[in-house]
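Okay, structure first, notes after.
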Amino acid sequence: MKLRKKFMFAFILLVLLPVASMGMISYWLYSNSMEKKTSDFYWISLQETDRKLAYAFSEINAISDLAVTQPVLQRTLKNGASELSEKTVQELVKLIMIHPKITSFTLLAEDQVIYSTLSDPYDAAIRNEDRMEQVRQMKGKPLWLGPGEGGEQEQGDVQPLLHIRTVKDYYSLEDIGVLLLTVKPEILDQVLWDASTLDQGDILLVNETGQVLFSKSGQQIGEKVSFPFIHEPTKDKYMVETFRGEESLITHLPSHREGWHVVASTPMEVIQGETRWIRNTAALLILLSLFTALLFDELFVAKLVGTMIRTVNGMKRVEQGHFMQVQSEGKIRDEASMLTAGFNRMSMQIKELLEQVKEEQRKKKEAEMQALVSQINPHFIYNSLESINSLAVLHDNKDISKMVISLGKLLRISISENQELIPLTMELEHVKHYLNIQKFRFGDKFDYTITIPPEMKALLSQKLIVQPIVENALYHGIEPIGGKGMIHIEVKEAGEDVQILVADNGPGMPLQQLETNFLDNATAKVRHKDGGVGLKNVHERTRIRFGSPYGIVVCSAPEFGTTISIRIPKIVS
């Protein structure tokens, strides 16, 4: 996946997706909260409505309870219609019709109408055997029937509520008849009208068959509705169902009147209207995040990726040997421009280094050519030394002959050997010839010893590292003293390394003089520029060849001489 796509994917994953998730979760949580709050609001409203309904029914029940115990009503039901006088009727009307909501009453005995204030009593209610059996099962308690439950309802008619109960003998408690009251439906209107509802909400009174007995809005009275809780009891106080052609929140409460339910409905559109701003805000944030992502990609990612692509192309050109500057967009000083500037500097440095290497290779080839030419000179020197030696032998001068022989071998090791590592014996032989030549100069002023264990003779050593140390011992240790000097050269093992010790019995020196003479003294270098390369040169050559643990260590003190230790690794030939 390309870097630009990775940036976009990361932005979607880290910004856009969390914003969208947060918006959807907030909308979902707030919607559920609103449903719960609406349901709780209606639950309290339905409880209050049912309480008021029970209170309204209790007022009618109280009048009915009083009436069924009165002698005039008891006597009328026992004696029948034959002894019903106008006075008795007046007494019954005064007894029962005292409540303004009671519109009529009917007395029945042995399934016959004894008296009714209606010209056409509700025969459908009183002739229904199942209904009358239900009344008898109430054992004297009143049975309330909602509008339309008492019989067939014609279109446009407003049906009253029916109050039916059996009348028992005051003394024997035997059934002697039935009392039927009709109650104005306005009693329900008053109860439901005071109930609190939301905008476009409605409260209904539904019986056990799903018939709408009454509704606050006046809609669907007498029609049947289908709610799950009507047929099967449920613990849920509310649910979402399709009602009146739209999704609605249905909150229900079983009424005190068994079989009835007080139901509240509110369209979900109304409830979700309060959460719509959260949904719109979430959608706006998602669109804003998407726009920001595109803007971020265009203004930042595209430039950054473009800079990186140009830098990568510049690297490819460098691999091919073309050192061209990578151009940076704009003058903004950011990490991308710093990357481009750093690459340009690196490219120029590589170009300069390559040019330096080419120049050094050129000089090296020139030096090799000069070295090939200069190989003629050693042969001329060797031939000249052989002639001098022959002449010395003819004149019987053995000292000159010995000196010439040592000088020849010394030069042969120094000039003719091209190997950097040589056997220790050859390195010590080189030192021996050097000291023999110096003895012709100093005479008996010094003597020397060279000690090497036989098992170490085959070990290899770096070329020309002991002779410069011995040369410094002669000039700085032996030459200044008045008596006879002594130089001891000893090779010994030091663990996995080889230690070469060069000690003299010279005057020694303090630390300051040691640094001056052996490290930074230009005078000494001028004086002995033909005799050696110095301690510092040996030390640096050894460290370059074998690493930092190796080199020389100088131990010296006034009146105690000087000892120099050369440490090299043990290398078997």
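The values are calculated or read from the model by the stated rules, or taken from the named source; none is laboratory data. Everything numeric here is computed off the predicted structure, so don't read it as measured data. Ideal geometry is used to build each Cβ from the backbone, glycine not excepted, and the neighbour counts take in all protein chains shown. For the accessible areas, the whole protein counts, side chains as well, though only heavy atoms, and no ligand, DNA or RNA atoms are used. Shrake-Rupley method; radii C 1.70, N 1.55, O 1.52, S 1.80 Å.
Being open to solvent by less than 90 Å² (accessible area, probe 1.4 Å), within 29 Å of H430 (Cβ to Cβ) and modelled with pLDDT of 70 or more, is that true of even one residue in segment 367-388?
Yes, some residue in segment 367-388 is open to solvent by less than 90 Å² (accessible area, probe 1.4 Å), within 29 Å of H430 (Cβ to Cβ) and modelled with pLDDT of 70 or more.
Filter segment 63-89 for residues that are open to solvent by less than 60 Å² (accessible area, probe 1.4 Å) and among the small types (G, A, S); which is modelled with the lowest pLDDT?
Ranking the candidates gives A81 first.
List, please: which pairs have Cβ atoms under 6 Å, are six or more places apart or on different chains, and start with a residue in segment 212-234 that is free of Cβ contacts under 8 Å to residues at least 60 places away in the same chain and closer than 19 Å to E258 by Cβ and end with one that is assigned to a loop (DSSP other than H, G, I, E, B) and open to solvent by 90 Å² or more (accessible area, probe 1.4 Å)?
From residues that are free of Cβ contacts under 8 Å to residues at least 60 places away in the same chain and closer than 19 Å to E258 by Cβ, the pairs are V212/E223.
Need pairs with beta-carbon distance below 7 Å; first residue in a helix (DSSP H, G or I) and within segment 1-28, second open to solvent by 90 Å² or more (accessible area, probe 1.4 Å); sequence gap 6+ or separate chains.
Y27/R279
Only one residue in M315, M324 is touching a residue at least 24 places away in the same chain (Cβ under 8 Å) and either open to solvent by less than 80 Å² (accessible area, probe 1.4 Å) or over 30 Å from G201 (Cβ atoms) (or both). Which one?
From the options M315, M324, the qualifying one is M315.
Taking the residues in segment 431-485 that are part of a strand (DSSP E or B) and open to solvent by 20 Å² or more (accessible area, probe 1.4 Å) as candidates, determine which candidate is farthest from I564 (Cα to Cα).
Here the answer is L460.
Residue under question is K94, and the condition is that it be without any contact (Cβ under 8 Å) to a residue 24 or more places away in the chain and either at negative phi or of a type in the set (F, W, Y) (or both); does it hold?
The answer is yes for K94.
Confirm whether S31 is small (G, A, S) and at pLDDT below 80.
Here the answer is yes, as S31 does meet what is asked.
For the subset of segment 171-214 comprising residues that are of a type in the set (G, A, S) and more than 15 Å from A264 (Cα to Cα), which member is least open to solvent (accessible area, probe 1.4 Å)?
Applying the filter and picking the extreme gives G177.
Among the residues of segment 239-252, is there at least one that is closer than 27 Å to M138 by Cβ and either outside any strand (DSSP E or B) or under 42 Å from the mean Cα position of the chain (by Cα) (or both)?
No, the conditions are met nowhere in segment 239-252.
Which of the residues that make up segment 107-120 are open to solvent by 20 Å² or more (accessible area, probe 1.4 Å), of a type outside the set (S, T, N, Q) and either modelled with pLDDT of 85 or more or within 60 Å of the chain's Cα centre (by Cα) (or both)?
Matches in segment 107-120: V113, I114, Y115.
Take the residues of segment 121-166 that are among the acidic types (D, E), modelled with pLDDT of 70 or more and not in a loop (DSSP other than H, G, I, E, B): which is least open to solvent (accessible area, probe 1.4 Å)?
Residue satisfying both the conditions and the ranking: E133.
Taking the stated definitions as given, is R51 part of a helix (DSSP H, G or I) and open to solvent by less than 60 Å² (accessible area, probe 1.4 Å)?
For R51, the condition - part of a helix (DSSP H, G or I) and open to solvent by less than 60 Å² (accessible area, probe 1.4 Å) - is not met.
Does V318 satisfy the criteria of being part of a helix (DSSP H, G or I), more than 30 Å from S347 (Cβ to Cβ) and of a type in the set (V, I, T)?
no
Any idea which of R310, R257, R279 is open to solvent by 50 Å² or more (accessible area, probe 1.4 Å), of a type in the set (K, R) and in contact (Cβ under 8 Å) with a residue 60 or more places away in the chain?
After ruling out the rest, the residue left standing is R279.
Can you give me the number of residues within segment 75-119 that are in contact with a Lys or Arg (Cβ under 9 Å, 6 or more places away or on another chain) and not in a loop (DSSP other than H, G, I, E, B)?
5
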